[in-house]
Amino acid sequence: MNTNSFGSKLAGGIKKFLWMAAIPVILFVIFWVATPGFGPNSILVILNQSMIPMAIGYGMCFLMKAGMMELSAGAQIILIGIVGVQFSKTFGMPGFIIGCIVTGVLTGLLKGAVFALLRIPSMVISLGMCLILEVIGRWIAGGKGKMDLDKSLGFIGKVPYNFVIIAILGILFLLIFYNTAFGSHVRAIGNNEVVAKSLGIKPIKVKFLCYTVCGFFFGFAAILQVCYSNTIAAKMSMGSLPMVFKPMMGVLIGIELNRIYDNFLVNILVGELGMAIIFNGLMAAGLPTTIQDFVTGFFLLFVMLISANRESAGDAIRRIKLRRQAAKQEG
């Protein structure tokens, strides 16, 4: 009996995984058929362009699953990249990698400390920190407002090494999110913070750690971001915000898909790949940037609408089913 139960669960898990894997495949086929300039030659480009949002998404997932909003990720990653390039000029590759990771953790600790001390909504903190981190990055970058990485070091963020980095980050995400007390506390707070507190979980402490772990992942995202073009430019007046939207949408999609298949690693990967396919398809179709921005805004609002109204929609569906059952019984 136990063997049959295990076999049925395994078969159900494989079936759900295949459904998730089919989503980006279906999107790709749709754009392949509908857009002349889109096809198999776009696969490597899509995979390459989805690596940075994926690294950001795995970090953002901890905060967003805990009910936090993160809009300062772009400013944080730019600052991390600027510091990493600065260290690379003296210490080479080790300085670049260690500088990015350490700066990511330190900036994460800073944001977590601000949240823990001020106890104000994460949205407000993220906007304030966005402005602060942008100014710090601009100050470190100096007069040109950007820093260039030595081309001999940029290979680490390009194919195939970027795939290796994402694979390592994916394994780390899986271990932390599903196999540590911290990960279980994040999931508990995301499911119901009041119940989590009644079980002895301290939300402020957990959310502080979320910022720190998020900063660690952002350190690797900064490595990929800098190596993508061998340069990193400072932004001002919230010019870093556009960097946040695609990773955020990928995570939101992953959170919704998690209701079908309980594996955030796979779901975020599917979400980020799906977004990369959509935007590359729109570019291949020759649509102007304004239309692409419109689609970005529309998708963000649509996914947020589904996420915010998930429970009420579920209740409405259940009420309809109960009415139909009652009508059948009366008939």
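Exposure proxy check: Arg323, Arg187 ranked by fewest other beta carbons within 10 Å? All intermediate terms of the calculation are to be shown ahead of the outcome.
On the way: Arg323 10, Arg187 17.
Fewest-to-most ranking of Arg323, Arg187: Arg323, Arg187.
Computed from the C-beta positions of Leu175 and Met283, the FRET efficiency with R₀ = 35 Å rounds to 0.45. The lysines within cross-link reach of Lys246, meaning a Cα-to-Cα straight distance under 29 Å and a gap of 8 or more places when in the same chain, are Lys15, Lys16, Lys65, Lys111, Lys144, Lys146, Lys151, Lys158, Lys205, Lys207, Lys235.
Panel values: segment 42-237, Kirkwood radius from alpha carbon pairs, Stokes-Einstein at 4 °C and 1.567 mPa s, translational diffusion coefficient 76 µm²/s.
Working from label points 7 Å from Cα in the Cα-to-Cβ sense, the Ile140 to Phe163 distance is 3.2 nm. Extension gain, Leu47 to Lys205: 0.36 nm times the residue separation minus the Cα-Cα distance gives 53.3 nm.
Between Leu117 and Ser237, the contour length at 0.36 nm per residue exceeds the Cα-Cα span by 40.7 nm. Residues Met249, Met123 in ascending order of nearby Cβ atoms (within 10 Å, fewest first): Met123, Met249.
FRET efficiency for Val194 and Lys151, Cβ-Cβ distance as r, R0 = 56 Å, nearest 0.05? Intermediate values should be presented prior to the final figure.
On the way: r = 53 Å, r/R0 = 0.95.
It comes out at approximately 0.60.
Converting phi to 3J(HN,Hα) with the Karplus coefficients 6.51, -1.76 and 1.60 and the offset θ = phi - 60°, segment 265-270 yields 4, 5, 5, 5, 4, 5 Hz in sequence order, with x at every glycine or proline.
Starting from segment 65-165, pick out the trypsin sites (Lys or Arg not before Pro) whose DSSP state is loop and whose Cβ has at most 16 other Cβ atoms within 10 Å.
Answer by residue number: Arg119, Lys144, Lys151, Lys158.
For the pair Glu256 and Ala21 in one chain, pulling the backbone fully straight at 0.36 nm per residue adds 83.1 nm over the alpha carbon distance.
Bear in mind these aren't lab numbers, they're just calculated from the coordinates by the rules spelled out. Keep in mind it's a predicted model, so treat the numbers as computed, not measured. Virtual Cβ from ideal backbone geometry, glycine too; neighbours counted across all protein chains shown.
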